[in-house]
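I have placed the structure first, in the form of structure tokens, so that the comments after it can refer back to it.
Just so it is clear, none of the values below were taken in a lab; they were calculated from the coordinates. These numbers come from a predicted model, not from an experiment. When we count neighbours, we look across all protein chains shown, and the Cβ atoms used for this are built from the backbone with ideal geometry, even at glycine.
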Amino acid sequence: MNRAPRPPRRLFALVPAAVLIVALASVNVPYIALFPGPARDVGALIEVDGVATHPSEGRLFLTTVQLGPLTLGQAVRAWLDDTITVIDRDLIYPPDRTPDEVDDENLRQMQQSQAFAAAAALQHLGYRVNIVTSGARVITVASDVPAAAVLRPGDVIVRAGGKAIQRSEQLTSVVGDASVGAEIALTVKRSDEEIDVKVRTVERPGSDGESIIGIFIETVISDIELPLELRIDAGEIGGPSAGLMFALGVIDVLREEDITRGRVVAGTGEITPDGVVGAVGAVAQKVVAAQRAGAELFLVPDDELEQACGVTETITVIGVRTLADALGFLAAPETADRTCGPAPVVGATG
């Protein structure tokens, strides 16, 4: 009897391997991809009532980053793409917080960013802004100091050494006045309760007897009272990184002089009510978003200039430390001392 030829064994050996590769490529991995999002014209997001506003010849763009979950196959492709950054998912969505809680926090940060930007812009223009503060929030605690046993990130210190604390520099002053090794009584707001704790000071490394408690803090701003009816509508965009561009947008709307000078300007940067620009992260993706929007200049926090410069050679990138820096460099970009890319476009003067 004639038998049908048997398929080669090598073929059978390869088929399961191919199936395994396809299956692995579709498995979700604990990483998130950051890739360039859309750029938004901030002038279209700002409304002011009761005062004259002025059109702009150019445009000011905030830049965004989009997040996406990954399969193993997508992660491999993402690692080969310079415009995409792959990070541990827990950095965006910590295990102790739900995605909804993280999203709500991002929207809260955006709302705060809008208020801070309006305050910074109006104060720069000479308006009086009432800023109400209510303590010093703990951002981080060093692991090797006594304070690590009693303080947590998110705690708000409202009293120290018997003195009311409304701003971070007041706490710094109390700690600095204490001797090294001294114990300081603190009243701390944690969640919905106040607790009393004691911390012992340590010597700042490399100093000559300077006292610290080993925490990084920021002033809690509980309210900002603006002298104008001013609204910024960012929609569903979250996070604090549009602050600098919102502040520039408010100034551009209110100032008769066109700060863009007919150019397309994009940027990123967190901002404080007194106009200090802070780092934001994901700068590479935001530079790409700026390029896609046709920007000629990209403003970036000075600490992140090097990262931004590593992404592009076709757009002028300028590092800024303050809102005043940004305005000065928009008026005369050739004066910027921290820049990369092609020669900056000066723009029209009138």
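Give me the dipole magnitude in Debye, nearest 20, for the chain about the Cα centre, with unit charges on the beta carbon: positive for Lys and Arg, negative for Asp and Glu. Before the final figure, lay out the partial values.
Details: 29 positive and 47 negative charges, 350 e Å.
For the chain, the charge dipole is close to 1680 debye.
What lysines sit close enough to LYS198 to cross-link, taking a C-alpha to C-alpha distance under 23 Å and skipping anything fewer than 8 places away on the same chain?
Once the sequence-local lysines are set aside, what remains near LYS198 is LYS163, LYS189.
How long is the gain from LEU125 to ILE87 if the chain were fully straight, where each residue apart is worth 0.36 nm and the alpha carbon distance is subtracted?
Going from the current span to full extension adds 9.7 nm.
Obtain the radius of gyration and the Kirkwood radius of region 130-223 from its C-alpha atoms and give Rg over Rh.
0.95
Measure off 7 Å from each Cα along the Cα-to-Cβ vector at VAL102 and ALA44, then give the distance between these two points in nanometres to one decimal.
Going by the 7 Å Cα→Cβ label model, 2.9 nm.
Just the Kirkwood number for the chain, please: inverse of mean 1/r across all distinct Cα pairs, in Å, one decimal.
Taking every pair of different Cα atoms in the chain, averaging 1/r and inverting gives 23.2 Å.
Taking the chain as the reference, fit the longest principal axis to its C-alpha atoms, fit the long axis of helix 283-292 to the helix C-alpha atoms, and give the angle between the two in degrees, 0 to 90, nearest 10.
Its long axis makes an angle of about 80 degrees.
How much length is gained on full extension from ALA343 to ASP192, taking 0.36 nm per residue of separation minus their Cα-Cα distance?
Values: separation 151, 0.36 × 151 = 54.36 nm, distance 5.36 nm.
Length difference between fully extended and current span is 49.0 nm.
Taking the alpha-carbon centroid of each part, what is the distance from region 27-58 to region 136-150 in angstrom?
35
Evaluate E = 1/(1 + (r/R0)^6) for THR133 and SER173, where r is the Cβ-Cβ distance and R0 equals 25 Å; express this FRET efficiency to the nearest 0.05.
0.95
Can you give the extra length, in nm with one decimal, that the chain gains between GLN111 and SER222 once fully stretched, where that is 0.36 nm per residue apart less the Cα-Cα distance?
38.7 nm
Could I have the simple spin-label model distance between ASP274 and ALA185, label points 7 Å from Cα toward Cβ, reported in nm to one decimal?
Placing both labels 7 Å beyond Cα along the Cβ direction yields 3.0 nm.
Please list, by residue number, every one of the GluC sites (Glu not before Pro) in region 306-344 that is coil in DSSP and has at most 12 other beta-carbon atoms within 10 Å.
Passing sites in region 306-344 are GLU313.
For region 54-185, compute Rg over Rh where Rg is the Cα radius of gyration and Rh is the Kirkwood radius from the inverse mean 1/r over Cα pairs.
Numbers: Rg = 21.4 Å, Rh = 19.7 Å.
Ratio of gyration radius to Kirkwood radius for region 54-185: 1.08.
Starting from the Cα of ALA52, step 7 Å along the direction of its Cβ; do the same at SER143; then give the gap between the two resulting points in nm.
Rounded to a tenth, the inter-label distance reads 6.0 nm.
For the chain, what's the relative contact order in percent, using C-alpha pairs closer than 8 Å and at least 6 residues apart?
20
In whole percent, what relative contact order does region 130-223 give with Cα contacts below 8 Å and a gap of six or more residues?
In percent, rounded to a whole number, it is 38.
So if we plug the beta-carbon distance of ARG204 and ALA332 into 1/(1 + (r/R0)^6) with R0 = 51 Å, what FRET efficiency do we get, rounded to 0.05?
It comes out at approximately 0.85.
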